[in-house]
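S.K.: Just dropping this structure here.
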Amino acid sequence: MWFIPIIFIILLISGTAFAYLMGAVSVLTFVAVDKTQFLSILPQRIFAQLDVFAFMAMPLFILTAEIMSRAGVTRSLIDFAMSIVGRFRGGLGHVNILTSVFFAGISGSAIADSAALSRTFVPEMKARGYDPYYAGAITAASSMIGPIIPPSIIMIIYGGLTGASVAALFIAGVVPGLLLAAALMLLNAVIAAAKGHPGGKSDDLPRFIPSLLNAAPALCLPVVILGSLVFGLATPTEGSAIAVLFALLAGQFYKGLNLRMIFDAVEATAKMTGTIFIILAAISVLGYLAGQLGWSGALANWVDSFGLTGTKYLFFLVGIFLIAGMFMDTPVALTLLIPLFAPQAMEQGISPIQLGIVLCFNLCVGLITPPLGKCLVVVSALTNLNYWRLAYAALPFIAVQVLLLLSLVYWPEISLTLPRFFGFSVD
Amino acid sequence: EVKIALDSKPDLDTSGSYNWAHAFGKALTEAGMEVREMPRGSVGNESEKFDQVSTGLLEVSLSDVRAIAQVEPFIYGVRLPYIFDDITHMDRVLKAGNIFDRVNEKLAEQDAVLLALAPLGPSSGVITTNAVVRSPADMANLRMRALDDAQIAMYQAWGSSGTIVPWGEVPAGLQTGVIDGYLNSPFVPVMFGQTDFVKNFSDAGVIIPLRAVIVSKLWYDGLSEADRAAVDQAVEVADAAVRVWQTEASERGLTALEEKGVTVQRLTKEERAAFREASKAVYNSGLMPAEDVKVWTELSDSNR
Amino acid sequence: MRPGPTGGDRPMRNVVIATSNSVHWFVRRVAVLAVCLMFFTVMVQIIARYVFSSPPVWTEDVARYAMVWTGLLGATLSFKTRSDAVLMDSVFPKRPHILAFVAEAIQSAAVLIFVLPVVYFCFIGLRGGFAKGYLARQSGLTADTLGIPMVWISVSVPLAMIIILLHLAARWAGDAPDEIQETNLD
Ligand code: NA
Ligand code: NA
């Protein structure tokens, strides 16, 4: 057994892809604990753990965002945000955040948001007299709204791993996502007042009605998705297919889509799904091992030894996930930690829906916390800003996000009121 | 070590299959064997459990009847509506038809053996959000959650309609009105905390919900003669225990619902007969081969 | 990147790379078809439910199996284009430093350790050899609503794994992706 951690570290520092790293370590552990014959479950395990109803919504929501972004929808969203909040002090900061809210409705990924928006916002904010690091930090921080407001790839993964209703998770994410946007805007307003950031002159801002009309197709998409879930017209999977259809139609409204663009979007979807699936496959092997060796029970006992119950237990989990988020990609941390910790949390009487919102939010904070803040990496790479200075500039935003996270833990109602109102069972 | 993969929470009050597993494990332990209960999900889903039984990595599994049907669809006869009056009738049919031998002949190709069919709980009734159901006609405007095409056919035979919804989406489906109800054992709405929105239970006694107890053939055949006798004995003990439990649980399941504010419709013999008559159409809907249906109905009729 | 010694049996290595490339070309198209199949079956499900109010039972299964095919073929696309998520970039120096080859060898070892047992147990059973491998076991089972042998769906597992091995071999034969870009999942 002793050599397993050493092998893990060797694979880690050699830059081995996470899926193969976990897969190899799991296989070697089977051998090390003298359960080699159990390796014969591998093919069936991989198939069964991917053949999951809840995952079906994932590829089609990815495809929706791929089509929408290829259709050139981003500019219309920025213009519309500009027409609403551009005039205030710190206007471009507000626009940056509000654009992420709109973008969140068509994309389930924070990285996609920072990649799409950083090249536009950072130079523009710099030209208007903002500190470029402040511009980069606010872009990275607000991109986290993407996977909190539905659709959300990580919530689909969470739903698939825990059996929680993806529809309920999506609806539960709306209020925390909007609160996050509001909190970031408040912070931006305070900083803008303190540093004397400029606001846009109302005569050079896009006009409200034309920009609204231009953004309307993209803005309708989340309404269509959420509406069909809320009124029980469709399951999340069916919602994702409707979203694809909608994106194809809306794409004609913008730049127009040709077959080449659609093929590229579909291929990118398959590849992205594959990247997630190979991780899920490898982790499922580890999960089987944990069951056979009784690790989950041991972990439960270890956690029990702290004597934490209910909300206290959730605070404890938040601590673990914050640390994990500093070092791991969100889906990676999610697939690794959820099967280990979620069952105990639910035994503690924590709602699977609240748990999902808290943990997804939690891991998204990790996207802008160093040493590995994936959105910071993206912004830094696309704008040539120094990574560590960018991380430093992000600190106030991280503070606000952590405060909101703790509120989500303390007040389950923030997440649960909306799904309850629409008749979803959240317990 | 004999690993028993459970299919439900280890709750002796509400789970018939756990009553079976518990009595079985206890009898094996008393016979000097080492037994380990594997919690639900810890060895994987239905297909994984079956696969591990067939490779010999798992000794005993409480499985979905569907696990057998993917090898021998004949077993689906136990899910024909109103095929059994009660569990003693079921036992007579299974014995008279040598059903286990017939199924095990096919299961042997997958290195598995069917040892028992354990009732999951009391007979299934119609569970609905708002509608009060005392006859098939009461269901005309309802859209019911179906498990598979066989259930869709049954709802259609009753003059209702069915739509396939995975279990995970059922609570949301009931609350949003995608579905108006489903068919299950009376403990289910209580166990899954659905009594806030499930308001009616009609005790129609449609089918006996069953779990298949499947064991690894490699393990079973490899046992010493004494050990195999102990296992066979333990099966009898467990079968007897779960039947005692089921009798007691039938009424308790209904009162448990009533305590949670669910209205229970206790149907008369005549009212049940209306459902039974309407269900006849399912038998010949072509979902099962006609000769299989004939075997089951003849066995059922001759052993009433 | 071009690991492995230079010179030697160039033709053999070219064959491996060419095979890997043409398989990749083909898989890209099949994966695209699988995504489209998923989209169309889910649309059929919606239309059938609301327009004809009679839901066909097979749509959910077909869509789910199309998703499994998408994901597993997608995993080979991800591997070929080196888009897999990495926890930590290699601490070893970049090529042509000799230690870069060590890092690549270690990465390849991880792939082999994970993938080889999967492929092996697809074909060989714990007891009973070829006749009791995963695929042989699956061929005795029937997919519930489709009535087709499960093996046509579960064969996606070994197929994807073998393609990954092929792409790995091509890597050592000197295959380099056009551009390395990580896929963004979160
Ligand atoms: Na989103
Ligand atoms: Na933004």
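Here's the yes/no breakdown for (1) within 22 Å of residue C:34 (Cα to Cα); (2) more than 11 Å from ligand 2 (Cβ to nearest atom); (3) surrounded by fewer than 24 Cβ atoms within 10 Å (Cβ to Cβ); (4) within 14 Å of chain C (Cβ to nearest Cβ):
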{"site": "A:62", "(1), (2), (3), (4)": "yes, yes, no, yes"}
{"site": "A:77", "(1), (2), (3), (4)": "no, no, no, no"}
{"site": "A:93", "(1), (2), (3), (4)": "no, no, no, no"}
{"site": "A:98", "(1), (2), (3), (4)": "no, no, yes, no"}
{"site": "A:109", "(1), (2), (3), (4)": "no, yes, no, yes"}
{"site": "A:114", "(1), (2), (3), (4)": "no, no, no, yes"}
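S.K.: Also, I was wondering about something else. Report yes if some residue within region A:175-185 is crowded, with 24+ Cβ neighbours inside 10 Å and away from ligand 1 (no atom under 14 Å from the Cβ); otherwise report no.
M.R.: yes
S.K.: Now for a different question. Considering (1) hydroxyl-bearing (Ser, Thr, Tyr); (2) within 12 Å of ligand 1 (Cβ to nearest atom); (3) outside any helix (DSSP H, G or I), say which one residue A:64 fails and leave the rest.
M.R.: Residue A:64 satisfies all of (1) hydroxyl-bearing (Ser, Thr, Tyr); (2) within 12 Å of ligand 1 (Cβ to nearest atom); (3) outside any helix (DSSP H, G or I) except (3).
S.K.: Now for a separate question. Can we say residue A:36 is at pLDDT 85 or above and within 20 Å of the chain's Cα centre (by Cα)?
M.R.: Working: at pLDDT 85 or above: yes; within 20 Å of the chain's Cα centre (by Cα): no.
Against the criterion (at pLDDT 85 or above and within 20 Å of the chain's Cα centre (by Cα)), residue A:36 does not qualify.
S.K.: What number of residues within region A:314-335 satisfy the criterion of being among the aliphatic types (A, V, I, L, M) and within 10 Å of chain C (Cβ to nearest Cβ)? Spell out the reasoning first.
M.R.: So the first thing to find is which residues in region A:314-335 are among the aliphatic types (A, V, I, L, M), and the list is A:314, A:317-318, A:320, A:322-324, A:326, A:328, A:332-334.
When the remaining residues are screened for being within 10 Å of chain C (Cβ to nearest Cβ), the result is A:328, A:332-334.
So the count comes out to 4.
S.K.: Sticking with this structure for a sec: Hey, any hits in region B:36-51 for a residue that's surrounded by fewer than 17 Cβ atoms within 10 Å (Cβ to Cβ), in contact (Cβ under 8 Å) with a residue 12 or more places away in the chain, in a strand (DSSP E or B) and not β-branched (Val, Ile, Thr)?
M.R.: Yes - at least one qualifying residue is present in region B:36-51.
S.K.: Just to verify a result, which residue in region C:89-111, among those that are within 8 Å of chain A (Cβ to nearest Cβ) and surrounded by fewer than 19 Cβ atoms within 10 Å (Cβ to Cβ), is modelled with the highest pLDDT?
M.R.: C:109
S.K.: In region A:297-312, is there at least one residue being within 10 Å of another protein chain (Cβ to nearest Cβ) and of a type in the set (Lys, Arg)? Can you show your working first?
M.R.: Pass one, region A:297-312, residues within 10 Å of another protein chain (Cβ to nearest Cβ): A:297.
Subset that is of a type in the set (Lys, Arg): none.
No; the residues of region A:297-312 include none that is within 10 Å of another protein chain (Cβ to nearest Cβ) and of a type in the set (Lys, Arg).
S.K.: Okay, moving on. Only residues in region A:124-144 that are within 14 Å of chain C (Cβ to nearest Cβ) count as the first member; pair them with residues that are within 13 Å of ligand 2 (Cβ to nearest atom) and not in a helix (DSSP H, G or I), Cβ under 7 angstrom, at least 6 apart or cross-chain, and list the lot.
M.R.: Going by the 7 Å Cβ cut-off, the qualifying pairs are A:140/A:394.
S.K.: When region B:84-124 is examined, which residues are found to be closer than 20 Å to residue B:284 by Cβ and within 13 Å of the chain's Cα centre (by Cα)? Break it down stepwise before answering.
M.R.: So the first thing to find is which residues in region B:84-124 are closer than 20 Å to residue B:284 by Cβ, and the list is B:84, B:93, B:97.
If the condition is that a residue be closer than 20 Å to residue B:284 by Cβ and within 13 Å of the chain's Cα centre (by Cα), then B:84 is the only one that fits.
Each row is one residue, and each column tells you yes or no for (1) within 16 Å of ligand 2 (Cβ to nearest atom); (2) more than 8 Å from every other protein chain (Cβ to nearest Cβ).
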residue	(1), (2)
A:20	no, no
A:25	no, yes
A:34	no, yes
A:42	no, no
A:46	no, no
A:105	yes, yes
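S.K.: I'd like to know if region A:348-356 contains one or more residues that are outside any helix (DSSP H, G or I), within 13 Å of another protein chain (Cβ to nearest Cβ) and under 23 Å from residue A:119 (Cβ atoms). Show your work before the answer.
M.R.: Of the residues in region A:348-356, the ones outside any helix (DSSP H, G or I) are A:348-351.
Of the ones still in play, those that are also within 13 Å of another protein chain (Cβ to nearest Cβ) are A:349, A:351.
Still in the running and under 23 Å from residue A:119 (Cβ atoms): none.
Within region A:348-356, not a single residue is outside any helix (DSSP H, G or I), within 13 Å of another protein chain (Cβ to nearest Cβ) and under 23 Å from residue A:119 (Cβ atoms).
S.K.: Look at residue A:58 and say whether it is within 14 Å of chain C (Cβ to nearest Cβ) and crowded, with 23+ Cβ neighbours inside 10 Å. Before the answer, list the steps.
M.R.: Details: within 14 Å of chain C (Cβ to nearest Cβ): yes; crowded, with 23+ Cβ neighbours inside 10 Å: yes.
Against the criterion (within 14 Å of chain C (Cβ to nearest Cβ) and crowded, with 23+ Cβ neighbours inside 10 Å), residue A:58 qualifies.
S.K.: Restricting attention to region B:56-80, report how many residues are of a type in the set (Gly, Ala, Ser) and assigned to a loop (DSSP other than H, G, I, E, B).
M.R.: Going residue by residue through region B:56-80, those that are of a type in the set (Gly, Ala, Ser) are B:56, B:61, B:63, B:67, B:69, B:77.
Cutting the leftovers down to assigned to a loop (DSSP other than H, G, I, E, B) gives us B:56.
Number satisfying all stated conditions: 1.
S.K.: May I pose another question? Only one residue in A:171, A:153, A:138 is more than 12 Å from ligand 1 (Cβ to nearest atom) and closer than 30 Å to residue A:345 by Cα. Which one?
M.R.: Working: A:153 fails: more than 12 Å from ligand 1 (Cβ to nearest atom); A:138 fails: closer than 30 Å to residue A:345 by Cα.
Of the residues listed, the single one that is more than 12 Å from ligand 1 (Cβ to nearest atom) and closer than 30 Å to residue A:345 by Cα is A:171.
S.K.: Scan A:27, A:31, A:122 and give me the residue that is buried (at least 24 other Cβ atoms within 10 Å of the Cβ) and over 23 Å from the mean Cα position of the chain (by Cα). Let's see the steps before the verdict.
M.R.: Values: A:31 fails: buried (at least 24 other Cβ atoms within 10 Å of the Cβ); A:122 fails: over 23 Å from the mean Cα position of the chain (by Cα).
The unique qualifying residue is A:27.
S.K.: On to the next question. Test of understanding: among C:169, C:176, C:143, which residue is modelled with pLDDT of 80 or more and not acidic (Asp, Glu)? Walk me through how you get there before you give the answer.
M.R.: Values: C:176 fails: modelled with pLDDT of 80 or more; C:143 fails: modelled with pLDDT of 80 or more.
Of C:169, C:176, C:143, the one residue that is modelled with pLDDT of 80 or more and not acidic (Asp, Glu) is C:169.
S.K.: Separate question: Of A:136, A:160, A:146, which residue is more than 10 Å from ligand 2 (Cβ to nearest atom), modelled with pLDDT of 85 or more and under 30 Å from residue A:284 (Cβ atoms)? Walk me through it before giving the result.
M.R.: On the way: A:136 fails: under 30 Å from residue A:284 (Cβ atoms); A:146 fails: more than 10 Å from ligand 2 (Cβ to nearest atom).
Answer to the selection: A:160.
S.K.: In region B:114-166, what residues are in a helix (DSSP H, G or I), more than 14 Å from chain C (Cβ to nearest Cβ) and surrounded by fewer than 22 Cβ atoms within 10 Å (Cβ to Cβ)? Show your work before the answer.
M.R.: Residues of region B:114-166 in a helix (DSSP H, G or I): B:136-139, B:149-157.
Within this subset, residues satisfying the condition of being more than 14 Å from chain C (Cβ to nearest Cβ) are B:136-139, B:157.
Result: B:136, B:137, B:138, B:157.
S.K.: Can I ask one more? When you look at residue B:103, is it touching a helix residue (DSSP H, G or I) at 6+ places or on another chain (Cβ under 6 Å), buried (at least 17 other Cβ atoms within 10 Å of the Cβ) and free of Cβ contacts under 8 Å to residues at least 40 places away in the same chain, yes or no?
M.R.: On the way: touching a helix residue (DSSP H, G or I) at 6+ places or on another chain (Cβ under 6 Å): yes; buried (at least 17 other Cβ atoms within 10 Å of the Cβ): yes; free of Cβ contacts under 8 Å to residues at least 40 places away in the same chain: yes.
For residue B:103, the condition - touching a helix residue (DSSP H, G or I) at 6+ places or on another chain (Cβ under 6 Å), buried (at least 17 other Cβ atoms within 10 Å of the Cβ) and free of Cβ contacts under 8 Å to residues at least 40 places away in the same chain - is met.
The values are calculated or read from the model by the stated rules, or taken from the named source; none is laboratory data. Predicted model, so just to flag it, every value in this text is computed and none were measured. Glycine gets a Cβ as well: all are built from the backbone with ideal geometry, and neighbour counts include every protein chain shown.
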